[in-house]
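A.B. asks: I'd like to ask you about the structure that follows.
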Amino acid sequence: MRTRTTIKDVAEAAGVGVATVSRVLSGGSASPQTRERVLAAAAQLDYRPSALGRNLRRRSTGGIGLLIPDVTDSFYGRVADGVLACARAAGEPVIVGATGDDPEDESELIGMLLEQGVERVVAVPSGEAEPWRPATRAGLTVVFAGRRVAGVDDVPAVLADERSGVRTAVEYLIGLGHRRVAYLGGHGHGQRTAAFRDTLTALGVTVDEELIAFGRATRDSAYAAASGLFQHRPDLTALVAAGNLLGEAAVLAARELDLRVPKDISLIMFDDVPWAELCAPPLTVIAPPARDIGYRAAELVLRGASPRGRAVRLPTELIVRGSCGPRR
């Protein structure tokens with residue numbers, strides 16, 4: 001039996017990305033040469049533009065598409081649990097895809113969902129606007145969960161109140177007497193980073209850019225960033241890690257460098273995960289309502305995702321455990 005041509009086949013034949021094919025076939029902008037290559041490849045492969053969702057209403061399969069960066073990450077797992085619980089209550093199936101925080105993989109997965117007639121998507125986006133513009137033009141109803149995308153202002157989002165959470169954590173550390181507070185951030189943490197800087201400034205503490213470091217979304221990169229901070233700035237007395245992977249790296253790096261927590265270094269991590277309570281001492285965390293974020297996002301997308309562009313922010317909680325102490 002002849003295999004049906006997919007959007008990825010057209011992209012490979014035209015020598016462009018999946019997002020470019022999606023943009024061209026949905027009427028978006030592209031250079032004349034690129035448009036000609038894409039249309040020629042689509043014609044040669046007998047690709048049907050309806051696969052990009054032009055006939056989504058006739059071909060709708062129902063259900064929700066769920067795109068998350070990493071199925072093994074605790075935070076994204078709890079977001080997914082919330083989406084699945086809401087979908088189950090509504091009698092809707094869920095198709096899950098992992099993007100790896102890669103815009104190209106994200107574009108490919110969006111194309112696959114459109115091909116399968118999925119009309120509604122909840123996504124923790126990679127942060128690039130390009131995969132989402134052609135998708136919404138093609139008729140996809142989208143709700144972002146946990147993050148927003150600059151330049152895609154018409155898509156509603158359900159978010160943790162990250163700024164308030166980080167502000168509370170920094171105020172707590174300053175209240176303990178710490179003045180050389182470091183920050184370890186990563187991809188998609190713009191709000192958390194801004195809140196860290198703004199809170200220090202508001203409290204009259206000079207922002208030391210040498211105490212702000214970033215790691216990529218891998219354990220090796222996160223560990224290198226944490227270890228670099230501890231070794232290059234032995235005068236720092238506290239650290240806020242902007243995610244659970246970064247918090248894990250900070251705990252491991254402190255252990256490797258024989259830094260005692262909290263006597264030598266106080267640690268706070270954004271996100272609460274099971275292992276945080278198993279650390280010695282247990283880790284103080286900023287706990288976002290991950291499952292509620294997923295559930296509310298699924299509710300919104302099932303209602304048609306209106307009002308457009310609105311951001312729903314859910315409160316975080318500072319859970320104080322044993323990893324923070326007064327400056328000595």
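The values are calculated or read from the model by the stated rules, or taken from the named source; none is laboratory data. Everything numeric here is computed off the predicted structure, so don't read it as measured data. Glycine gets a Cβ as well: all are built from the backbone with ideal geometry, and neighbour counts include every protein chain shown.
A.B. asks: Do we find a residue being touching a helix residue (DSSP H, G or I) at 6+ places or on another chain (Cβ under 9 Å) and buried (at least 20 other Cβ atoms within 10 Å of the Cβ) anywhere in the stretch 255-264?
C.D. replies: For the stretch 255-264, residues touching a helix residue (DSSP H, G or I) at 6+ places or on another chain (Cβ under 9 Å) and buried (at least 20 other Cβ atoms within 10 Å of the Cβ): present.
A.B. asks: A further question follows. Of the residues ARG147, ARG192, ARG180, only one is over 30 Å from VAL83 (Cβ atoms), among the charged types (D, E, K, R) and either within 19 Å of the chain's Cα centre (by Cα) or not assigned by TED's automatic domain parsing to the domain that holds VAL83 (or both); which?
C.D. replies: Just a single option satisfies the conditions, and that option is ARG180.
A.B. asks: Restricting to the stretch 258-288, name every residue that is without any contact (Cβ under 8 Å) to a residue 40 or more places away in the chain and among the basic types (Lys, Arg).
C.D. replies: ARG260
A.B. asks: Against the condition of a type outside the set (Gly, Ala, Ser) and in contact with a strand residue (DSSP E or B) (Cβ under 6 Å, 6 or more places away or on another chain), how does LEU257 come out, does it pass?
C.D. replies: Judged against the criteria, LEU257 is not a match.
A.B. asks: Is it the case that THR193 is surrounded by fewer than 22 Cβ atoms within 10 Å (Cβ to Cβ), under 16 Å from ILE286 (Cβ atoms) and polar (S, T, N, Q)?
C.D. replies: yes
A.B. asks: For the stretch 115-135, which residues satisfy the criterion of being over 15 Å from the mean Cα position of the chain (by Cα), closer than 28 Å to THR218 by Cβ and surrounded by fewer than 22 Cβ atoms within 10 Å (Cβ to Cβ)?
C.D. replies: Answer for the stretch 115-135, where residues must be over 15 Å from the mean Cα position of the chain (by Cα), closer than 28 Å to THR218 by Cβ and surrounded by fewer than 22 Cβ atoms within 10 Å (Cβ to Cβ): just GLU130.
A.B. asks: Among the residues of the stretch 37-65 satisfying the criterion of being under 27 Å from the mean Cα position of the chain (by Cα) and modelled with pLDDT of 85 or more, which is farthest from SER22 (Cα to Cα)?
C.D. replies: GLY63
A.B. asks: Let me ask you something else. State all residues of the stretch 179-217 that are farther than 25 Å from ARG327 by Cβ and free of Cβ contacts under 8 Å to residues at least 12 places away in the same chain; if no residue qualifies, say none.
C.D. replies: Selection gives GLY190 alone.
A.B. asks: Sticking with this structure for a sec: Tally the residues that are more than 25 Å from GLY188 (Cα to Cα) and modelled with pLDDT of 90 or more, restricting the search to the stretch 66-91.
C.D. replies: Count: 4.
A.B. asks: Any residue at all in the stretch 300-322 that is part of a helix (DSSP H, G or I), modelled with pLDDT under 95 and of a type in the set (S, T, N, Q)?
C.D. replies: Looking for residues that are part of a helix (DSSP H, G or I), modelled with pLDDT under 95 and of a type in the set (S, T, N, Q), one finds none in the stretch 300-322, hence no.
A.B. asks: Just wondering, is there one or more residues in the stretch 158-178 that are in contact (Cβ under 8 Å) with a residue 24 or more places away in the chain, aromatic (Phe, Trp, Tyr) and assigned to a strand (DSSP E or B)?
C.D. replies: So far as the stretch 158-178 goes, no, none of its residues is in contact (Cβ under 8 Å) with a residue 24 or more places away in the chain, aromatic (Phe, Trp, Tyr) and assigned to a strand (DSSP E or B).
A.B. asks: Out of the residues in the stretch 82-114 meeting the condition of being in contact (Cβ under 8 Å) with a residue 24 or more places away in the chain, among the small types (Gly, Ala, Ser) and surrounded by fewer than 22 Cβ atoms within 10 Å (Cβ to Cβ), tell me which one is nearest to ASP292 (Cα to Cα).
C.D. replies: Checking each candidate, the answer is ALA85.
A.B. asks: Report yes if some residue within the stretch 138-147 is under 23 Å from ILE286 (Cα atoms) and either surrounded by fewer than 23 Cβ atoms within 10 Å (Cβ to Cβ) or touching a Pro at 6+ places or on another chain (Cβ under 7 Å) (or both); otherwise report no.
C.D. replies: yes
A.B. asks: To continue, here is another question. Quick one: ASP264 ticks every box in (1) among the acidic types (Asp, Glu); (2) farther than 28 Å from ALA157 by Cβ; (3) not assigned by TED's automatic domain parsing to the domain that holds GLY177 bar one, so which box is it?
C.D. replies: Against the list (1) among the acidic types (Asp, Glu); (2) farther than 28 Å from ALA157 by Cβ; (3) not assigned by TED's automatic domain parsing to the domain that holds GLY177, ASP264 comes up short only on (3).
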